[in-house]
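For reference, the structure is listed below as structure tokens.
The values are calculated or read from the model by the stated rules, or taken from the named source; none is laboratory data. Because the structure is predicted, anything quoted here is derived from the model rather than measured. Quick reminder, even Gly has a Cβ in these numbers, built from the backbone with ideal geometry, and neighbours come from all protein chains shown. Only protein heavy atoms, including side chains, enter the accessible area calculation; ligands, DNA and RNA are left aside. Shrake-Rupley method; radii C 1.70, N 1.55, O 1.52, S 1.80 Å.
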Amino acid sequence: MATPASSGKLFEPFRLGGMKLPNRIVMAPLTRNRAVAGNVPGPLAATYYAQRASAGLLITEASQIMPEGQGYEATPGIHSKEQIAGWRTVTDAVHAKGGRIVIQLWHVGRVSHVSLQPGGRAPVAPSAIAAKTKTWVGGQFVETSTPRALRTEELPGIVAAYRQAAANAIAAGFDGVEVHAANGYLLDQFLRDGTNQRSDEYGGSLENRVRLTLEVLAAVIDEIGRERTGIRISPVSPANDIVDSDPAALFGHLVARMNTLAPAFLHVIEGATGGPRDNAPFDWTALRRAFKGAYVANNGYTPALAEAALAEGRADLVAFGKAYIANPDLVERLRRGAPLNPPDQTTFYGGGAKGYTDYPVLQPQPA
């Protein structure tokens, strides 16, 4: 059993944009593939998120901003009236428990399959380069489909879809949004020279490759306010077959330009998503110093590592992922130094309540 940590910085309150968080523990986005017909969050989703409302901040599973943005079956969207209504049941349940929740806005780009695309069309990407990765279709992992390159004149429509999704999120009762620019999805694909081989104003130079991400961020901030807006990046993660020749230069440039827009937080996957933190050299401390807003650190954080990062000023908040799948009361378990439930990996993607809303919680401590 771990040492109780009730006096640590993890349990200090923090002001994040317009929200007062009771602690510095963030639930990371976790794809669970349990949306119902129409890619609507189902009744179980309200229970699932409300169970975890003691987190300082909940970030939902990635949710597609438009039908073309879907890359995996049974993932929720935030572009239809039915989806907005479904998410409203989730935000109401979380707020009833005193929680705070933001939605992660998602367009997968090339990480998709024709069977998930409207009309069975090819997925879209900055360039027509297939991803050497798999997606989840028909209850199994399948190879992704080769994408087509987006035309320059289509990109304002992508930006507009992010803007509308942010407005929809507020209509659904969310406290804010996180723009997903990580893990090899569409915005990350535009950022990287391994996937972006365009010759227009969205390709080539650093300034051109960051353009779409900054346009999306600016549109979202204009729609709902910087105090409600965050963004997620993964500078050296190889997730979904993503690569760049100079991530330090790329993300240093991106963050410098991002500071002029002043989003409330930057959520950073340090290392390989769900893998080693030291997969490639990168100066995380320099990135944290460069960003003027709140820094959310993510990937492989133990309570001790999280406390050290907060104490040394290397992070303002720390996100936990897999631990939250199996431990709805993670905050209390960390506070008491209690053992953590192990997650059942066979129930991560798809299914019902098993492995989703049925994990046990600690008994109340005697007065």
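Considering only protein heavy atoms and a probe of 1.4 Å, how much of the accessible area of the chain is carbon and sulfur, as a whole percent?
Of all accessible area on the chain, carbon and sulfur atoms account for 55 percent.
With the cut-off at 1.5 for a/c, could you classify segment 82-228 from its C-alpha gyration tensor as rounded, prolate or oblate?
oblate
Test of understanding: express the Cα radius of gyration of segment 1-153 as a ratio to 2.2 N^0.38 Å, with N the residue count.
Compactness ratio reported: 1.22.
Using a 10 Å cut-off on Cβ atoms, rank the peptides 49-56, 255-262 from the highest mean neighbour count down.
Ranking, from highest mean packing down: 49-56, 255-262.
Along segment 81-96, what does the Karplus equation 6.51 cos²θ - 1.76 cosθ + 1.60 (θ = phi - 60°) give for ³J(HN,Hα), rounded to whole Hz, x for Gly and Pro?
Couplings: 4, 5, 5, 4, 5, x, 5, 4, 5, 5, 5, 4, 5, 5, 5, 5 Hz.
In terms of the Cα gyration tensor, with a ≥ b ≥ c the square roots of its eigenvalues, is segment 307-367 rounded because a/c is under 1.5, prolate because a/b exceeds b/c, or oblate?
Oblate shape, in that a/c is at least 1.5 and b/c is the bigger or equal ratio.
Return the percentage of antiparallel bridges among DSSP beta bridges fully within the chain, rounded to the nearest 5 %.
Around 20 percent of the beta bridges assigned by DSSP in the chain are antiparallel ones.
Using a Gaussian network model on the chain with a 10 Å cutoff between Cα atoms, which of Glu312, Glu332, Glu12 fluctuates the most?
Glu312
Leu16's amide H: which non-local residues (gap 5+, or another chain) put their own amide H closer than 5 Å, with H modeled 1.01 Å from N in plane and none for Pro or chain starts?
Leu21
What is the packing order of peptides 282-291, 105-114, taking the mean over residues of other C-beta atoms within 10 Å and listing the highest first?
105-114, 282-291
Cβ under 11 Å from Gly293's Cβ, Gly293 left aside: what net charge do those residues give with Lys, Arg +1 and Asp, Glu -1?
Summing Lys and Arg as +1 and Asp and Glu as -1 gives +1.
Which entries of Lys20/Lys292; Lys9/Lys354; Lys9/Lys292; Lys97/Lys322; Lys322/Lys354; Lys9/Lys97 have Cα-Cα distances beyond 25 Å here?
Those over the limit are Lys9/Lys354.
Mind checking the dipole of the chain: about its Cα centre, +1 per Lys or Arg Cβ, -1 per Asp or Glu Cβ, Debye to the nearest 20?
Rounded to the nearest 20 debye, it is 560 debye.
With everything on Cα atoms, drop me the angle between helix 155-171 and the longest principal axis of the chain, reported from 0 to 90° to the nearest 10.
Approximately 20 degrees, to the nearest ten.
Out of segment 138-191, which trypsin sites (Lys or Arg not before Pro) are coil in DSSP terms and have no more than 10 other C-beta atoms within 10 Å?
Answer by residue number: Arg151.
Restricting to DSSP H runs of at least four residues, report the calculated mean residue ellipticity at 222 nm for the chain, -39500 (n - 2.57) per run over all residues, nearest 500 deg cm²/dmol.
-8500 deg cm²/dmol
Under 5 Å between amide hydrogens, which residues at least 5 positions from Gly176 or on another chain qualify, with H placed 1.01 Å from N in the peptide plane?
Those lying under 5 Å, H to H, from Gly176 are Ile103.
Using Cα pairs under 8 angstrom and six or more residues apart, how large is the relative contact order of segment 214-328, in percent?
Dividing the mean separation by the residue count of segment 214-328 yields 24 percent.
If you take the square roots of the eigenvalues of the alpha-carbon gyration tensor of segment 239-339 and sort them as a ≥ b ≥ c, do you get rounded (a/c under 1.5), prolate (a/b over b/c) or oblate?
Verdict is prolate for segment 239-339.
Give a residue-ordered list of calculated ³J(HN,Hα) values for segment 209-224 (Karplus: 6.51 cos²θ - 1.76 cosθ + 1.60, θ = phi - 60°; whole Hz; x for Gly, Pro).
With the stated coefficients, segment 209-224 comes to 6, 8, 4, 5, 4, 5, 5, 5, 4, 4, 5, 5, 4, 4, 7, 10 Hz.
Using Cα pairs under 8 angstrom and six or more residues apart, how large is the relative contact order of the chain, in percent?
The normalised contact order for the chain reaches 18 percent.
Could you state the orientation-averaged shadow area of the convex hull built on the Cα atoms of the chain, in nm² to one decimal?
Taking the Cα atoms of the chain, their convex hull projects to 16.7 nm² on average.
Sort Val216, Val361, Val137 by accessible area with a 1.4 Å probe, largest first.
Order by accessible area, largest first: Val361, Val137, Val216.
Apply the Karplus curve 6.51 cos²θ - 1.76 cosθ + 1.60, θ = phi - 60°, to the phi angles in segment 101-117 and return the couplings in whole Hz, x for Gly and Pro.
Taking θ as phi minus 60°, the curve returns 9, 10, 9, 8, 8, 9, 9, 7, x, 7, 7, 8, 9, 4, 5, 9, 8 Hz for segment 101-117.
With every protein chain present, what is the per residue accessible area of the chain (1.4 Å probe, Å²)?
On a per-residue basis, the chain sits at 38 Å².
Amide H neighbours of Gly109 under 5 Å, at least 5 residues apart or on other chains, H built in the peptide plane: list them.
Those qualifying (amide H under 5 Å, at least 5 residues apart or on another chain) are Leu186.
Considering the options Thr152, Pro126, Val111, tell which one lies farthest towards the positive end of the dipole of segment 55-203, charges being +1 on Lys and Arg and -1 on Asp and Glu at the Cβ, about the Cα centre.
Farthest towards the positive end: Val111.
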